[in-house]
Amino acid sequence: MVLEGVARTALLGIEMGMTLVLITVGLTLIFGMMDVINFAHGSLYMLGAYFGLAIVSVTGNWWAALLLAPLLVGLLGGMIEYFSIRPLYGRNPLYHILLTFGFAIMLHGLVTEIWGGQVQNIATPAVLEGSVDLVLFSYPLFRLFLLGVSVVVTLALWIAIRRSDFGIVMRASAHDSEMVGALGTDVNRVFTAVFILGAVLAGLAGVLLGTARAVDPGMAASVIIQAFAIVVIGGMGSYRGAVVGAFIVGMLNAFGPMFAPEFTDALLYLLMAAVLLVKPAGLFGNPEAA
Amino acid sequence: MSVKDVLGRHFSAHRQTDVLSGRVRLGLVVAGVIAVLFAPFAQMVHPFWMDLVTHMFIFALFALSLDFVFGYAGLLSFGHAAMFGAGGYAAALLIQEVTASALLVLPAAVIVGALVAALIGWLSVSARGIYFAMLTLAFAQLFYTIAFNDIPAMLLGVESVTNGDNGLVGITSLTLFGMDTGSLMSYYYLSLGILAGMLTLVTRLANSPFGRVLQAIRENEDRVAFIGYNVDRYKVVAFTISGGMAGLAGGLWVPVNSTATTSMLHWTTSGELIVMTLLGGMGTLWGPIAGAFLVVFLEDTLSSIGNWEIYLGIVYIVIVIFAPRGLSGLFQTVRANPNPKVLLGKVRSALATYRKKVFV
Amino acid sequence: MRMPSESMPSEKRSKRYNRRKFLAGSATLAGVSVAGCLGGGGGDSDSIKVGFVLPFSGTYSFLGESIVNGVKLRLDQQLGGEIDGKTVEYVRQDTGADPATGASITQEFLQSENVDFIVGPVSSAVASAMKPEIASSGSAIWLNANAGNYKLVEDSCTQYHFRTSFNTWQTSAPLASYVNDNIADNVVLSYANYTFGQQSKNLFREEFESTGGTVVDEIGAPLGTSDYSSFLQEIENSGADAVFSFFAGSDAVNYINQFSSFGLNESMTQTGSGFLLSADTLAAQGTSATGMYSLLHYTPTKQTDRNQAFVDAYSEQYDMTPNVYACQGYDSGLAAEMAINEADGTDTDSRVSALAGQELDSPRGYFRFKSETHDPVMDMDIREVVETDDGVQNEVVETLSRVEGPTWGCSL
């Protein structure tokens, strides 16, 4: 009994962690590369859920939503980057806070205006309903699917960053964008691409979690602080850090309630503070940046 | 490209050597006179305007506290809500349990705010730039969690201290020398007086040798350390002073609204404060005050229009792209170019710059 | 992590971007406010002024709008915008679910707008902040259209407070004997860990144990939790046959959906306070909620003539079925009507006397303001969620007649 409980909670932690990865990767890459603190990242996540809701109600097809909603969010993210963040490059990064905060507020109002403030949910596609028997315990099929998608996407991205040409350019730009620019690459294009990538991932998380969980305008604010905590713990700008950090926080969220439910939140902040005090650059962050 | 470098680069460019030039001081005095005369005017026409402006004064004080530590010492804080809330709750508890005398409650709020800031500052001072900011955020959220779950009550074994998500309500107004300050007008003058006093104090501080060292630290910390100053100590002291002011703002806020709630400690309060400071123009002291006025005013007027958040967000976005030095920058531009045609030209060139930056 | 202080929780909320709103300078309300300042407004014998102190932004905006719709259905559509020959005027301000804002708005409505009635709020935390103002002013009647915290009546109750909604005892304790008789004699309690959730589970527990039941365990989750998996694990470990819960809003949707997806609904029966499974959450909960029980004072599918008339009128006017908030708003309209019509004079105290102990013809069923507390004495419905052609809906399985609840030492 105890073993089953622990095993299931562990799987839970992994699943929660991996879904957080999708949200956090974009945030950390954007920060690492462009020094942009994107407060609107939670809003992009939220829009993924709402776009998904809209696509499902129009087409009746959940898979269409899974495919299209993240792309739409990516498009929107690209437009935001192109028209409002790009003109601010080279300026004090704090202005990005103001800008993205403004977007977060605006998008919150827009979503409430268009879709209303009441709670909604994207219906799970019939083929993914039900549970799976995993020897020790049973687990909802959809959540396993969620886990699977997150793992596949994370791995694919990892390989892409390590191996592809774009990945190399991306990492180089993160390290020294001026140099990369001097060598002839249009760094602005790279930045836009990274932003779009982050937005697509956040949108994907939105569709997936909008199915597993409730959809309401407050979901943006509820996710952004956790995302920032993970970025800090893992190291700003580090892909590996985002994955490990998300994993740690996922485990914390899974096991915390067993021991001290009121303090799970507090533990997260304490962990965040501890990392910042001991190794400000985070677990995998670049110490030079500290 | 480290964040610290970027931050440093942008701060060292063009700051005045003396805080609050003569012209600005004159302007502030004029503004002060208008403020004093506004109250009786409002009393006749629409008394509740005084309430709105009182809120502006209190938030201006809050913004001033952030600008002091941020614009002058270069310490970005995402956690100022912690001091604001701590001062507020302290004031609430004092008024409820002990006394409503302003002479005791307000200094207590200052001390509590300062202590919280000293603690957070001392723990965080080893971190730089954005990491310092994140640390303040983490600590502030801890305070929020503590208040929301009423952990002091748990620890002390009493039924309630912060009263969790309901907060403390029914807080009566402050008394000053036995007089109740509960009326709209007396609160107005009390807040105005305190704001004016704090502004003077901060200006003095910023111009003092202490303030100069802070500005030097903002420009280039390492160099200041090499000269022999204990940079960390200066930072903590600056942060403590800032925290005291934030606590004072909280202590004023609570009796005006007769409530002390956990929203005072939430990160969105810190966020709004940063918006006010940036919108007003950081580092100018009077800019953030104007920024606070603007934000409070906007949130008020826009709320009667359908979904006000949409418009508020758009205003922030437009200002940050086209008027990055905020209100103070706008004011200086207008001042320097009183000719409307020249101004129009400036607007056009701003748009052209935008087009160039985006579409290149 | 969410914005707090909600009897209807989650939020955000956000929440998050709330600020107090005042009338000063607002274009649309300028006319009204100047009139108010120049001595016109509610104290005027020609008009009745109703002030809405409700959330109009963020997660609770739907609840706020529903309440307003209910009030206006009665006062505007059915009474033609007049009570006793006087025109009804409205003012509204957005609390954003922030207690400080709510307190300021109340102050302004009382002092500057001279309202006759204050309708609202949604959140009990806001209500606590509003109460001292209203009690000391005595110039308006407070029609509490949703805040159920029983402490509003327990701590220094005020005669100006009339609850057209419910109190937390009524939406939790009365379910206890039904559960004990029909479902199981042992339960585990799960709740959102803040005032509303704590009160509900404590009151249920008291009642349940007094009828001989056993409470196996209590599991509290932080307000705004989006993933209850670990808590559900503990609920399952408790081994109880039934669960009593309090969650509302998006928390309720997440909790119920996850409860079912983890298969707990096969071995345990889920019951709860009505907000767990109410009209505004069922759409998002879908078939996950089937077979679950809840207790609430209003169910739109209740088959009575009075309710049908209300549902038809509301649907025609607003193109959607009413929910419990709309009904509470409607009853506030009825209360305002009665207070004006039945009062001996035009001062607030005589209106209070006219309302205390009176019955309202409410769509929910029987309704009377209890004289000692001004809390409602009303029928409570026990509902079960069933699948119909229109999706999942609540079906009333039993109605508890004239549920009162304690007076908590209040005696008005």
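The values are calculated or read from the model by the stated rules, or taken from the named source; none is laboratory data. Note that the coordinates shown come from a computational prediction; the quantities given were computed from them, not determined experimentally. In this analysis, Cβ positions are derived from the backbone assuming ideal geometry, glycine residues included, and neighbour counts consider all displayed protein chains. Note: accessible area is taken over every heavy atom of the protein model, side chains too, but ligands, DNA and RNA are not part of it. Shrake-Rupley method; radii C 1.70, N 1.55, O 1.52, S 1.80 Å.
The calculated FRET efficiency for the pair C:Asp312 and B:Ala31, based on their C-beta separation and a Förster distance of 60 Å, comes to about 0.50. Is the shape of region B:96-222 rounded, prolate or oblate, going by the alpha carbon gyration tensor and its root eigenvalues a ≥ b ≥ c, with a/c under 1.5 for rounded and a/b larger than b/c for prolate? Oblate.
Neighbours of C:Phe166 by Cβ distance under 13 Å: Lys/Arg scored +1, Asp/Glu scored -1, total -2. Taking a ≥ b ≥ c as the square roots of the eigenvalues of the alpha carbon gyration tensor, the protein assembly as shown is oblate, as a/c is not under 1.5 and a/b does not beat b/c. If you take the square roots of the eigenvalues of the alpha-carbon gyration tensor of region B:20-320 and sort them as a ≥ b ≥ c, do you get rounded (a/c under 1.5), prolate (a/b over b/c) or oblate? Taking the square roots of the gyration eigenvalues as a ≥ b ≥ c, region B:20-320 is rounded.
Among the listed pairs C:Lys49/C:Lys151; C:Lys201/C:Lys370; C:Lys302/C:Lys370; C:Lys86/C:Lys370; C:Lys131/C:Lys302, those whose Cα-Cα separation exceeds 31 Å are C:Lys131/C:Lys302. Among the helices of chain A, those built from whole DSSP H runs whose Cα atoms reach 20 Å or more along their own axis and whose mean Kyte-Doolittle hydropathy is at least -0.5 are A:2-34, A:41-59, A:62-80, A:94-115, A:141-163, A:187-212, A:219-234, A:239-259, A:264-278. Label separation (A:Leu155 vs B:Lys357): 4.3 nm, computed from points 7 Å beyond Cα along the C-beta direction.
Summed over both chains, the contact between B and A buries some 4800 Å² of accessible surface at a probe radius of 1.4 Å.
A simple spin-label model places pseudo-atoms 7 Å from Cα toward Cβ; at A:Leu71 and C:Glu395 they are separated by 4.4 nm. Chain B against chain C buries an accessible area of about 3300 Å², both chains summed, 1.4 Å probe radius. Measure nothing fancy, just the Cα-based angle from helix C:99-108's long axis to the longest principal axis of chain C, in degrees from 0 to 90, nearest 10. Helix C:99-108 sits at roughly 20 degrees to that axis. Each residue of region B:183-190 is assigned a 3J(HN,Hα), and the resulting list reads 7, 4, 5, 5, 5, 4, 5, 4 Hz, derived from the Karplus form 6.51 cos²θ - 1.76 cosθ + 1.60 (θ = phi - 60°), x at Gly and Pro.
Taking every residue in A:270-282 and counting other chain Cβ atoms within 10 Å of its Cβ, the average works out to 5.
Protection proxy ranking, highest mean first, for peptides B:143-155, B:215-227: B:143-155, B:215-227, where packing is the per-residue count of other beta-carbon atoms within 10 Å, averaged. Taking every DSSP helix (H) stretch of at least 4 residues in the protein assembly as shown, weighting each as -39,500 (n - 2.57) and dividing the sum by the residue count yields a mean residue ellipticity at 222 nm of -19500 deg cm²/dmol.
Averaged over the residues of C:131-142, the number of partner chain Cβ atoms lying within 10 Å of the residue Cβ comes to 1.
Surface analysis of region C:175-296 yields an accessible area of 25 Å² per residue, using protein heavy atoms and a 1.4 Å probe.
Judged by the mean number of other Cβ atoms found within 10 Å, the most tightly packed of the peptides C:252-263, A:140-151, C:128-139 leads the ranking C:252-263, C:128-139, A:140-151.
With all protein chains kept in place, the per residue accessible area of region B:219-360 amounts to 39 square angstrom at a probe of 1.4 angstrom. Amide hydrogen proximity for C:Lys49: with H placed 1.01 Å from N in the peptide plane, the residues at 5 or more positions away or on another chain lying under 5 Å are C:Glu89, C:Asp116, C:Phe117.
Each label point was placed 7 Å from the Cα along the Cα-to-Cβ direction; for B:Ser126 and A:Ala126 their separation is 6.1 nm.
Highest mean packing comes first when the peptides B:338-351, A:76-89 are listed by Cβ atoms within 10 Å, giving A:76-89, B:338-351. Distances between placed amide hydrogens fall under 5 Å for C:Glu218 paired with C:Leu189, all partners being 5 or more residues away or on another chain. Summarising the amide proton neighbourhood of B:Leu174: residues at separation of 5 or more, or on other chains, whose placed amide H is nearer than 5 Å comprise B:Thr181. Mean per-residue shielding of peptide B:37-49 is 3, counting Cβ atoms of other chains within 10 Å of each Cβ. C plus A alone minus the pair: what accessible area, both sides summed, probe 1.4 Å, in Å² to 100? Approximately 2900 Å², summed over both chains.
Ranked by solvent-accessible area (1.4 Å probe, protein heavy atoms only, all chains present), the residues A:His175, C:His297 order from largest to smallest as A:His175, C:His297. Per residue, chain A exposes an accessible area of 35 Å² to a 1.4 Å probe, with every protein chain left in place. Relative to the longest principal axis of the Cα atoms of chain C, helix C:195-210 runs at roughly 60 degrees. Taking Cβ atoms as reference points and 10 Å as the exclusive limit, the residues near B:Phe48 contribute a net charge of -3, counting Lys and Arg as +1 and Asp and Glu as -1.
Once the C-beta distance of A:Met79 and A:Met258 is scaled by a Förster radius of 60 Å, the resulting FRET efficiency is 0.85 to the nearest 0.05. 3J(HN,Hα) along region C:363-371, derived from phi through the Karplus expression 6.51 cos²θ - 1.76 cosθ + 1.60 where θ = phi - 60°, amounts to x, 6, x, 5, 8, 9, 7, 5, 4 Hz, with x in place of Gly and Pro. Rounded to the nearest 0.05, the FRET efficiency derived from the C-beta distance between B:Phe41 and B:Ser183 at R0 = 22 Å is 0.90. Surface composition of the protein assembly as shown: carbon plus sulfur atoms contribute 60% of the solvent-accessible area (1.4 Å probe, protein chains only, all chains present).
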